[in-house]
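Chemist: The structure follows.
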Amino acid sequence: MEKTNLDLHISNEHCHYCGTTTSHGQRYCCSACEKLDSDFAFVKDYKESNPYLYLDKPEYSHTFINENQYHFFIENLQCSSCVHLIEKIPDFYSECILARVNFGQNLLTIELSAKGQLSQVAKLIEELGYNAYLIKKADLESQSRHLKNREDLKKIAVAGAVAGNLMIFAFAIYAGADGIALQFFRWMNLVLFLPLLLYSAQSFYVGAWNSIKYRVVHIDLPIVIALVSSFAFSTYNLIQGSNDFYFDSTASFIFLILLARYFVKITQQYYLSPVRLGSSLVNQKYTLLDHTPVVAEQIKIGDVFKVSADQMIPVDGILVSPKALIDTSYYNGESMPQVFTEALQVYSGFKNLSEPILIQALSTMQGSELNKLLTQTQDHLFIKNNYINLSDKLAQRLVTTVFTLAGLFFIFWGYFHSYQESFNRVLALIVVACPCALAFGSPLTMAIAFKKAQKKGIALRNANVFEKLNHVKNIFFDKTGTLTQGQLTLIQTWPEQINEELKSIILGLEKKSYHPVAFALRAAWKNTAVSPSLTHIKETFGSGVKGQIIIPTDLHDLIDTYEIKSLPENMHEDDLAVVVLKNGTAVARLYFNDQLRLESKDLVHKLQLKNLNCYLLTGDKKSRALLKGQACGIKQDYIFSELYPEEKKAIIEKYHSTMMIGDGLNDALALSASDIGISIKGSSHLTIDSSDVLFLRGGLEPLIELFKIGSQADHTLKRNLTLALIYNITAGTFALLGLINPFWAAVLMPMSTVLVLISSLLGFIDWRNT
Amino acid sequence: MSVLILVIPMALLLGAGFLYAFFWATSSGQFDDLTTPSMRMLDQDSKKLQNNKENNT
C-alpha cells in the first residue's frame, strides 16, 4: 500500500526510482533504475558462450591493464542509480575487488584479483545493460592528470594562505603599527612570501624560461619579472627600513592567476572530451567459418567470417554470400540501402542489413580504406590545434608595449632626474600594469562559456571554438542524418486509410527485416499487432518481401500470397515507394521520405539572416540533394552532391572560415578540414573524434545556442579587454607620474580584478528569456 | 600589545594546520572527483563490504 501512495506523488515525467526527468513518460530513466527497483538477483557464471573470452588472453589483457586496474568508458550513464548498479559488480563476481565509477568522465575502474577474468566483468557490464569500451593503457590520461591536478591544488592553497595572511600583516602596517610589533610584522611579510615565491610560482618560472628559450612573448614572462622585481624591491626596502612593500599585492595577483588557470584547466579536462575513444569496431565480435569468435582486430587477410544483421563490416573484403543488403550511408552518405551480389567488394564501415552474410577479408582493420581515412583525419587535427588565440596575441602586444615604455622611461627619467626614483616608478608600472585582465579575464570567460555550453547540450572538444566561431562565414551541412532525420518516415499511403488487418499483415511480412522501410512502418504503426499467421516469408534482395497466409477451409486450404515490392523511380516528393500486392493485385501503395528535421529550414533561414552562407554537401544522388537543399532554402549553386569523402574535404578547403556539420564516417575528413567541425547526436565515434564540437541533444537546435554563447563570449572578452585597457592606461600613467605607491597598488589591483570578474559573470546571463 | 606575541604565532599555527589538512585531503584524492561521491553516499554498502565489516568487529 505504501508503495502505491508513493506512486501518486511522482508524476509521470519522473523516473520511478531515482526521480530524474524521463522522456516519453517512461517509468524508469534507465535500466539500472528498473533493475534496482525490482530486487534483482543474478549471479551467473558466464563460462559458456561468453563472447568476451578473448579478453583473457594475455596479449589482450596486457594492453589494457594499468597497475592491476582496468578502465572502461561507459557510454550510457544516466543517473546515480547507474553508479550504484555498476559499483555492485563485486557482489556479482567475487574475483572483482573494486569497481569505481567516475560519473563526470564516464569512467569505470575495475580491479581484479589474481584469478579474476576480464571477460567475466565485460560480460557482466553488458548484462547490466551498458555499452562499455575498454580503454587502452596508452589512451588513459586521467591517472597522471589527477596527480598533476593535486599538485596544482596544493600550490594554490599555499598561495591563498600566503596572500590572505600577508594582507592582514600589510593592513596592520598601513594602519600604523609601531614598536616591536611593526618590526615583527615587517619581517613576517618576507617570511610568508617565501613559500609563494619558491613553491606556488614554480609553473610561471617554467613558462617564462620557455618563453626565453623559444623566443616567444608569453604572458608568464612579465608575471615572473613583476614577481621577482617586486620581491627584490620590497626586500631591499625592508632591509633599508622603509615600509614600501609589494608583497601583499603580488601575492594576491599570483593567487588569482593560479586560481583562474586551474579553473580553466579543470573545465577543459572535464568538459572537453574525456578520453579518446577508439573505434567502436574494436570491440565488435565476429565468427570465423569454423565458429571461433574473433574481434575485428584479429581478422587476417583471407579469413572468411560472418557478419550478423545490423552489424558493421570491420575490414575491406569480398562478399562470399550470394546477396546482401547493405547500408553504405556511414561510408558515402547514400541514403538508400544497396544490394550487393557475390564477389563484389565491400568496405569497412558498411553495415549489413540482411541476414548474416559471409565476407572474405582483403585487408586487416588497420589496412582498411576507412582506417586510411582516419589516419588522414588525425593528421589534420594536429595541424588544426596550432592556433594562436586573440587574447594571447593581445597579451603579447601589451607586454611588449609596457616593457618598451618602462625601458624608455627608466633611461630618460633616470638621465634627467634620478635613477632611484625612476626605478620606483617603472616598478610600479610593471606591477600595476600586469596583464591581469588578460591572464585572468579571458580564461575565466572561456571557462564560463564552456560550462554554459555543456548545460545547453554542447560538448566542446577544442578550446578555441568560441574565438573561431566569430569568424565563420561559410557553413556546410551534410544531408543524410544532419539536415534530415536519417531514417525513412511513412508520409503518404494509397488508399489514405489502410485497414488494420492489412497493416498487421504488412508488419508481419517485414517482421524480420532490417530494411529502412521496415523500421519506418514499425514506427508509423506502433499500435498495430503484428500478424502471426504469415508463413514462407522470403526477402528478395532489393525488390521486396513475399509471404503467404494459409486459410484452412473445409475443401482445400486457401492460400493468399502477399508481396511488397519497391516501385520504380518515384513521382512524388518521396525517396522511396513500395506497392503491396495481394495475389498479384495492388492493394496499397506506401510512400516514404527521409524527412527534414523540423528545425532545419528555420535554422538555415536564421543563419542566412546573419549573412552566413549555407552549403549542402552530400554523397547522395543529385535529385534528392536538390530537393532537400532547396526545401531548406539553400541556394542551388551551393548544393554539392554525389561526393566522396575526399571531395567533401576538397570543397571545404577552397573556402575560408568554414564550419561543417555532419554525422557520418564520410564527413569525418571534411569535419577535420573545416575550421570548426560539429558532429550531431548519434554520430559515429570516428566522426566525433574528428570534430571540435559535439551536440549532446538531438537535432540542430544547439547550433543556434552555440552561436549565441559564442557572441556572448565575444562581447564579454571585448568588454574585459576594454576595461583592462582603460585600467592599464590610467594606472600606468599614474605610476609613471609617481602617484602610485604600494598602498595604491594594493587597492587598485584587486579592484580591477573584481571588475573583470563581475564583467565576465554578467556577460553570460540571458537577459531576455527566449 | 604583548598578547600579540602569543596570538600571532597561534594564528599562524592554526593556518599551517589547516594548510596541512588540505594537503592531506588532496593527497588522498578527495578532490579528484567531485560529482560521483555525492551519488554514492546514499547507496547501501555492497554485501561484500558489509561482510568485511562484520568480520572485523
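The values are calculated or read from the model by the stated rules, or taken from the named source; none is laboratory data. Being a predicted model, the structure only gives us computed values, none of them experimental. Please note: Cβ atoms are built from the backbone with ideal geometry, for glycine as well, and neighbour counts cover all protein chains shown. SASA here: full protein model, heavy atoms, side chains in, ligands and nucleic acids out. Shrake-Rupley method; radii C 1.70, N 1.55, O 1.52, S 1.80 Å.
Chemist: Which of the residues that make up the stretch A:190-199 are within 13 Å of another protein chain (Cβ to nearest Cβ) and surrounded by 19 or more Cβ atoms within 10 Å (Cβ to Cβ)?
Modeler: Residues satisfying the conditions are A:LEU192, A:LEU196.
The rows are residues; the columns are (1) more than 13 Å from A:PHE440 (Cα to Cα); (2) assigned to a helix (DSSP H, G or I); (3) of a type in the set (A, V, I, L, M, F, W, C).
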position: A:LEU721; (1), (2), (3): no, yes, yes
position: A:ALA724; (1), (2), (3): no, yes, yes
position: A:TYR727; (1), (2), (3): yes, yes, no
position: A:LEU748; (1), (2), (3): yes, yes, yes
position: A:VAL754; (1), (2), (3): no, yes, yes
position: A:ASP766; (1), (2), (3): yes, no, no
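Chemist: Can you list residue pairs whose Cβ atoms sit under 7 Å apart, with the first residue in the stretch A:153-170 being more than 8 Å from chain B (Cβ to nearest Cβ) and farther than 15 Å from A:ASP248 by Cβ and the second being of a type in the set (Gly, Ala, Ser) and part of a helix (DSSP H, G or I)? Count only pairs 6 or more apart in sequence or on different chains.
Modeler: Matching pairs, first to second residue: A:LYS155/A:SER200.
Chemist: So A:GLY302 passes all but one of these: (1) at pLDDT 85 or above; (2) in a strand (DSSP E or B); (3) surrounded by fewer than 17 Cβ atoms within 10 Å (Cβ to Cβ). Which condition number does it fail?
Modeler: Failing condition for A:GLY302: (2).
Chemist: Would you confirm whether or not the stretch A:26-41 contains a residue that is touching a Lys or Arg at 6+ places or on another chain (Cβ under 8 Å), farther than 30 Å from A:LYS681 by Cβ and either modelled with pLDDT under 75 or surrounded by fewer than 16 Cβ atoms within 10 Å (Cβ to Cβ) (or both)?
Modeler: The answer is no; no qualifying residue exists.
Chemist: Taking the condition under 14 Å from the mean Cα position of the chain (by Cα) and open to solvent by 10 Å² or more (accessible area, probe 1.4 Å), does A:LEU696 pass?
Modeler: In short, yes.
Chemist: Return yes when A:PHE233 is buried (at least 19 other Cβ atoms within 10 Å of the Cβ), out of contact with any strand residue (DSSP E or B) (no Cβ under 8 Å at 6 or more places or on another chain) and of a type outside the set (Ser, Thr, Tyr) and no when it is not. Full working, then the answer.
Modeler: On the way: buried (at least 19 other Cβ atoms within 10 Å of the Cβ): yes; out of contact with any strand residue (DSSP E or B) (no Cβ under 8 Å at 6 or more places or on another chain): yes; of a type outside the set (Ser, Thr, Tyr): yes.
Judged against the criteria, A:PHE233 is a match.
Chemist: Do we have A:ASP602 as assigned to a helix (DSSP H, G or I), open to solvent by 30 Å² or more (accessible area, probe 1.4 Å) and farther than 30 Å from A:ASN499 by Cβ here?
Modeler: Here the answer is yes, as A:ASP602 does meet what is asked.
Chemist: Taking into account only those residues within the stretch A:171-185 that are of a type outside the set (A, V, I, L, M) and either touching a His at 6+ places or on another chain (Cβ under 8 Å) or facing another protein chain (nearest Cβ under 9 Å) (or both), which is farthest from A:TYR199 (Cα to Cα)?
Modeler: Among residues in the stretch A:171-185 that are of a type outside the set (A, V, I, L, M) and either touching a His at 6+ places or on another chain (Cβ under 8 Å) or facing another protein chain (nearest Cβ under 9 Å) (or both), the one farthest from A:TYR199 (Cα to Cα) is A:GLY179.
Chemist: Among the residues of the stretch A:200-230, write down those that are crowded, with 17+ Cβ neighbours inside 10 Å and under 17 Å from A:ALA163 (Cβ atoms).
Modeler: A:SER200, A:ALA201, A:PHE204, A:ILE223, A:ALA226, A:LEU227, A:SER230
Chemist: Take the residues of the stretch A:305-317 that are over 13 Å from A:SER368 (Cβ atoms) and not in a loop (DSSP other than H, G, I, E, B): which is most open to solvent (accessible area, probe 1.4 Å)?
Modeler: The qualifying residue most open to solvent (accessible area, probe 1.4 Å) is A:LYS306.
Chemist: Sort out for me the helices (runs of 4 or more DSSP H) sitting completely within the stretch A:450-560 that have 1 or more residues that are within 41 Å of the chain's Cα centre (by Cα) and acidic (Asp, Glu).
Modeler: Hits in the stretch A:450-560: A:465-469.
Chemist: Related question: Under the condition of being in a loop (DSSP other than H, G, I, E, B) and at the interface with chain B (Cβ under 9 Å from one of its Cβ atoms), which residue from the stretch A:89-107 is farthest from B:LEU34 (Cα to Cα)?
Modeler: Only one residue fits best here, namely A:SER94.
Chemist: So A:GLN396 ticks every box in (1) more than 30 Å from A:GLY633 (Cβ to Cβ); (2) touching a Lys or Arg at 6+ places or on another chain (Cβ under 6 Å) but one. Which box is left unticked?
Modeler: (2)
Chemist: So for the stretch B:5-22 (the condition being at pLDDT 85 or above, within 14 Å of the chain's Cα centre (by Cα), in a helix (DSSP H, G or I) and farther than 30 Å from A:PHE185 by Cα), does at least one residue qualify?
Modeler: no
Chemist: Tell me whether the stretch A:582-597 contains one or more residues that are free of Cβ contacts under 8 Å to residues at least 24 places away in the same chain and within 27 Å of A:LEU665 (Cα to Cα).
Modeler: Of all residues in the stretch A:582-597, those free of Cβ contacts under 8 Å to residues at least 24 places away in the same chain come to A:582-586.
Pick out the ones that are also within 27 Å of A:LEU665 (Cα to Cα) and you get none.
No, every residue in the stretch A:582-597 fails to be free of Cβ contacts under 8 Å to residues at least 24 places away in the same chain and within 27 Å of A:LEU665 (Cα to Cα).
Chemist: A further question on this structure: Which condition number does A:ALA122 fail, the rest of (1) within 31 Å of the chain's Cα centre (by Cα); (2) within 11 Å of another protein chain (Cβ to nearest Cβ) being met?
Modeler: So the condition that A:ALA122 fails would be (2).
Chemist: What are the residue pairs meeting all of these: first residue in the stretch A:345-365, first residue free of Cβ contacts under 8 Å to residues at least 40 places away in the same chain, second residue surrounded by 19 or more Cβ atoms within 10 Å (Cβ to Cβ) and in a loop (DSSP other than H, G, I, E, B), Cβ atoms under 6 Å, and 6 or more apart or on different chains?
Modeler: From residues that are free of Cβ contacts under 8 Å to residues at least 40 places away in the same chain, the pairs are A:VAL346/A:ILE313; A:TYR347/A:ASP316; A:PHE350/A:ILE313; A:PHE350/A:THR328.
Chemist: Taking the stretch A:614-640 only, how many residues are closer than 20 Å to A:ILE680 by Cβ and either open to solvent by less than 50 Å² (accessible area, probe 1.4 Å) or of a type in the set (D, E, K, R) (or both)?
Modeler: 16
Chemist: Test A:ASP248 against the criterion of being open to solvent by less than 50 Å² (accessible area, probe 1.4 Å), among the acidic types (Asp, Glu) and within 14 Å of another protein chain (Cβ to nearest Cβ), and give yes or no. Can you show your working first?
Modeler: Working: open to solvent by less than 50 Å² (accessible area, probe 1.4 Å): yes; among the acidic types (Asp, Glu): yes; within 14 Å of another protein chain (Cβ to nearest Cβ): no.
Criteria not met by A:ASP248.
Chemist: Inside the stretch A:67-88, can you point out the residues that are open to solvent by 30 Å² or more (accessible area, probe 1.4 Å) and within 11 Å of chain B (Cβ to nearest Cβ)? Working first, answer last.
Modeler: Of the residues in the stretch A:67-88, the ones open to solvent by 30 Å² or more (accessible area, probe 1.4 Å) are A:67-69, A:75-76, A:78, A:80, A:88.
A:SER80, A:LYS88 - these are the residues of the stretch A:67-88 that are open to solvent by 30 Å² or more (accessible area, probe 1.4 Å) and within 11 Å of chain B (Cβ to nearest Cβ).
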